[in-house]
Amino acid sequence: HGAQRALVLALLQLLAERERPKLDEESVRPLLLLVEEPEIYLHPEMCRKMRDTLLRIARSGTAQVICTTHSPVFLDLADRHDGIVIIRKTGTVRTVTQRNEDIFGEQAREQRDRLRMILNFDPSANEAFFTGNAVLVEGDSEVAAVDAIAEKLIGGGEIVRDAYLIHRRQLTLINCRGKQTILAFQDVLDAFGISYRVVHDRDDPASGVSRLVNEKISGRMKGEASRILIHTPDFEQELFGESWTTDKPWRTVKAVRQMPSVGLPVRGFFEFVLRCRIHELAHSHRVAPRGIVASARTMQRKRRERLKVLDLR
């Protein structure tokens, strides 16, 4: 399968290198490529090569390209939003979300540039398109704190590791590297109907700029206070009573490890991010979810029915 996919990539590269057709805005592209799961059987470097090749083909006008994917590598929060379609299925109900225009346009170029900068640092931010539990945080300290707090609670016997890991895998923690960029992420997630929560610092209330940004973030939450957690004056001061200017992630981890016990502010942050109470993580969750068990039983029943038909024939 890997060899087949490598051959497909090689053929697509040949197509990308063909002479570009001369098309005006109303011309129909001569070729339509339908690619299912382009990331399958490719390691990360080749996935990026496949993405770049398909983009090159589409942008050149050689062909129109439609892909289905489960890989954040093939998505881009900062690029053409009208080229992304999210299909969700709940039970038998299927919903399709697509934008007919670019979310930012020319009027909000700075927001696009901020997102582009973040994605250059951390391409995994595109995982927001695949999650039901996205949390936007302001910096590295918040990201470092989550697993450090979990290890502290596991070591103290308050939570069970496998129960924590189940919730952690469902969480997409997006480091926005600043409050201004939180706004840009909010615009994209709101446009695609992706649920999210926000953690940020209140900072100096005397600062007009800080107060304005806080108000904008809150305004996008549409008054849903349960979706926003604000630390006063900032994350380090409220949770640990200290203020750091350098090496914040490591200082955060050390502060958590040195705590005699996990106090209320730290517990509140941890529960908010994971969207569950600590006591809910105190028991093992090794049993398969009900939906998976039911699905397996249905498949077994269908196999038995097929075997009966074969016997009759």
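In whole angstrom, how long is each semi-axis of the equivalent ellipsoid of the range 116-264, when you take the square root of 5 times every eigenvalue of its Cα gyration tensor and sort them from largest down?
Details: eigenvalues 125, 83, 40 Å².
Each semi-axis is the square root of five times an eigenvalue, giving 25, 20, 14 Å.
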Worksheet entry | Relative contact order of the chain, defined on C-alpha pairs under 8 angstrom at six or more residues apart (%) | 15 percent
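Quick check for you: with a 1.4 Å probe and neighbouring chains kept, what is the accessible area per residue of the chain, in Å²? Write out the running numbers ahead of the final one.
Numbers: 19180 Å² over 313 residues.
Ligands and nucleic acids excluded, the result is 61 Å² per residue.
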Worksheet item: aspartates and glutamates within cross-link reach of Lys179: Cα-Cα under 15 Å, excluding same-chain residues under 8 positions apart?
Response: Glu110, Asp113, Glu138, Asp140, Glu142, Asp187, Asp201, Asp203, Asp204, Glu215, Asp234
Practice prompt. Provide the per-residue ³J(HN,Hα) series for the range 140-157, in order, calculated from phi with Karplus coefficients 6.51, -1.76, 1.60 and θ = phi - 60°, each as a whole number of Hz, with x at glycine and proline positions.
Written response: 5, 4, 5, 5, 5, 5, 4, 5, 5, 5, 4, 4, 5, 5, 5, x, x, x
Worksheet, complete the sentence: Glu37 and Val209 label points (each 7 Å along its Cα→Cβ direction) are spaced in nm at 4.8 nm
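Looking at the chain, which longest stretch skips every one of the GluC sites (Glu not before Pro) that is in a DSSP loop with at most 16 other Cβ atoms within 10 Å, leaving the sites themselves out? Can you show the working numbers first?
Values: sites that count: Glu17, Glu19, Glu25, Glu26, Glu101, Glu106, Glu158, Glu224, Glu242.
For GluC sites (Glu not before Pro) (loop position, at most 16 other Cβ atoms within 10 Å), the longest site-free span of the chain is 27-100.
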Discussion item. Per 0.36 nm of contour for each residue apart, how much would the distance between Lys254 and Arg304 grow if the chain were fully extended, relative to their Cα-Cα spacing?
Written reply: 12.3 nm
Item to complete: Mind listing the long-range amide H neighbours of Leu229? Cut-off is under 5 Å, sequence gap 5 or more, other chains count too, H placed in the peptide plane at 1.01 Å from N.
Response: Val198, Val199, His200
Worksheet item: If the label point is 7 Å along Cα→Cβ of Arg277, which residues in the range 158-173 have backbone nitrogen under 18 Å from it?
Response: 158-160, 163-164, 167
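For the range 216-260, rounded, prolate or oblate, judged on the Cα gyration tensor with a ≥ b ≥ c (square roots of eigenvalues), a/c < 1.5 rounded, else prolate if a/b > b/c?
Values: a/c = 3.12, a/b = 2.35, b/c = 1.33.
Prolate is the answer for the range 216-260, as a/c is 1.5 or above and a/b outweighs b/c.
If I stretch the segment between Leu11 and Thr245 completely, what's the gain in nm (0.36 nm per residue apart, minus their alpha carbon distance), one decimal?
Values: separation 234, 0.36 × 234 = 84.24 nm, distance 5.16 nm.
Length gained, Leu11 through Thr245: 79.1 nm.
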Worksheet item: Using Cα atoms only, what is the angle between the long axis of helix 44-60 and the major principal axis of the chain, expressed in degrees (0 to 90) to the nearest 10?
Response: 60 degrees
Worksheet entry | Taking the convex hull of Cα positions in the chain, its mean projected area over all directions (nm²) | 23.2 nm²
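The values are calculated or read from the model by the stated rules, or taken from the named source; none is laboratory data. Just so it is clear, the model here is predicted, and its values are computed rather than measured. Glycine gets a Cβ as well: all are built from the backbone with ideal geometry, and neighbour counts include every protein chain shown. Each accessible area value is taken on the protein alone, full model and side chains, heavy atoms only, with ligands, DNA and RNA left out. Shrake-Rupley method; radii C 1.70, N 1.55, O 1.52, S 1.80 Å.
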